[in-house]
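To start, the structure under review is shown below, and the notes come after it.
The values are calculated or read from the model by the stated rules, or taken from the named source; none is laboratory data. These numbers come from a predicted model, not from an experiment. In this analysis, Cβ positions are derived from the backbone assuming ideal geometry, glycine residues included, and neighbour counts consider all displayed protein chains.
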Ligand code: LLP
């Protein structure tokens, strides 16, 4: 039975704790105080948590610049600066992610650019900005990038994204000989090798390595190892047939995080050790020089660092007609699928706690729902909440730092929430709440 007053340390930010008066603080700042000052829904980032996870990754993979924070998980100029100060590299997947990073002063040479449909204009912007790597996703892009780089009189360092035919999920992985998806160039049928040869011939491209990404929210190393094994087979072929020893292998992102108290945390250091040893062994067996391993974690750095605070509005008991849970208490909060689409989209689960007071006594079967005009607007589908949960209570969901704000929408003309960072008792606003004026600013009258 979960104690609702606990703050599960493996799910909540490292700087979160429940104080004696029942209030939860993050980095010494009470969440109710932040809610009062910035309004709700509010995303609160524990800056030291985020930075410490950058460092953990850097230590696990041997050097900070080998770790490319996947900015699609969450990006703002402040976050780009944290990543820069920690010495990590950055993965961007659109021209605007790249622009935000550059506007924050992130060094272009430590940026890797992704995307399955980069326009010639985007590619020209990448080359012109002198980004560290462009990850080529198709034979067509290869030709366009070579042309664009030639027109600009530059040579662009690139990786080729390979689909090794592996789909790694949380606790299993499925290996197929052929993958029917939009990313990358298939290893199967010699397509990836043909792309490598074309890159080698292209005068304005400099091939530095290959890239693959096996999935997201992955907990075991097997999928990564199998992908590495397949892709390293291509390194050997490239060495034997073209005489090139490719220097880098980017294994993408995907490291899983615990979202609920009963999930277990991933030991990144152990997984990295296992993975690096396996890659070394595979390279030995193939008699090739082991390439430097690069990784692109997004969720594992950003998710645990933030919580989202909501205020409770309507509380309503609903007869379910279900013998096991005859009545469910629907607790509506002032955000929902517009600031966190993950429960509706993926059935994602979250840990929720009252953050302004202790929960005493009885609990009731409950569901935390948002304020949107859609029955599927559910944040936590099945939770035992304190029976006295009432309007005005503050509830926070933990581990919302990744793919929540980043995937936020304006459904029902809601505005995107404010995001504030906290560190050592200090409040640092990162993104202001959108306003009605922001909404109507798009109208062409
Ligand atoms: N690198 C590449 C090429 C990727 O496609 C991704 C994620 C990452 C790195 C970072 O993966 P991470 O370490 O964050 O798992 N919206 C989904 C996740 C989509 C991930 C897409 N690509 C969610 O909310 O779970």
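This table checks each residue for (1) exposed (fewer than 13 other Cβ atoms within 10 Å of the Cβ); (2) touching a helix residue (DSSP H, G or I) at 6+ places or on another chain (Cβ under 8 Å); (3) modelled with pLDDT of 95 or more.
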{"position": "284", "(1), (2), (3)": "yes, no, no"}
{"position": "290", "(1), (2), (3)": "no, yes, no"}
{"position": "297", "(1), (2), (3)": "no, yes, yes"}
{"position": "303", "(1), (2), (3)": "no, no, yes"}
{"position": "318", "(1), (2), (3)": "yes, no, yes"}
{"position": "325", "(1), (2), (3)": "no, no, no"}
{"position": "333", "(1), (2), (3)": "no, no, yes"}
{"position": "337", "(1), (2), (3)": "no, yes, yes"}
{"position": "351", "(1), (2), (3)": "no, no, yes"}
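Looking at the range 407-429, can you tell me whether even one residue there is part of a loop (DSSP other than H, G, I, E, B), within 16 Å of the ligand (Cβ to nearest atom) and either under 20 Å from residue 37 (Cα atoms) or free of Cβ contacts under 8 Å to residues at least 40 places away in the same chain (or both)?
Checked the range 407-429: no residue is part of a loop (DSSP other than H, G, I, E, B), within 16 Å of the ligand (Cβ to nearest atom) and either under 20 Å from residue 37 (Cα atoms) or free of Cβ contacts under 8 Å to residues at least 40 places away in the same chain (or both).
What number of residues within the range 369-406 are within 22 Å of residue 30 (Cα to Cα), in contact with a strand residue (DSSP E or B) (Cβ under 7 Å, 6 or more places away or on another chain) and away from the ligand (no atom under 16 Å from the Cβ)? Residues in the range 369-406 being within 22 Å of residue 30 (Cα to Cα), in contact with a strand residue (DSSP E or B) (Cβ under 7 Å, 6 or more places away or on another chain) and away from the ligand (no atom under 16 Å from the Cβ): 10 in total.
Name every residue in the range 91-127 that is in contact (Cβ under 8 Å) with a residue 60 or more places away in the chain and out of contact with any strand residue (DSSP E or B) (no Cβ under 6 Å at 6 or more places or on another chain), in order of residue number. Hit for the range 91-127 is 116, nothing else. Only a single item in (1) surrounded by 15 or more Cβ atoms within 10 Å (Cβ to Cβ); (2) within 16 Å of the ligand (Cβ to nearest atom); (3) modelled with pLDDT of 95 or more is not met by residue 116, and it is number (1).
For (1) within 14 Å of the ligand (Cβ to nearest atom); (2) assigned to a strand (DSSP E or B); (3) in contact with a helix residue (DSSP H, G or I) (Cβ under 7 Å, 6 or more places away or on another chain); (4) on the phi < 0 side of the Ramachandran plot, each residue gets a yes or a no:
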| site | (1), (2), (3), (4) |
| --- | --- |
| 215 | yes, no, yes, no |
| 229 | no, no, yes, yes |
| 244 | no, no, yes, yes |
| 257 | yes, no, yes, yes |
| 264 | no, no, no, yes |
| 279 | no, no, yes, yes |
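Residue 234 passes every criterion in (1) farther than 30 Å from residue 13 by Cα; (2) at pLDDT below 95; (3) part of a helix (DSSP H, G or I) apart from (2).
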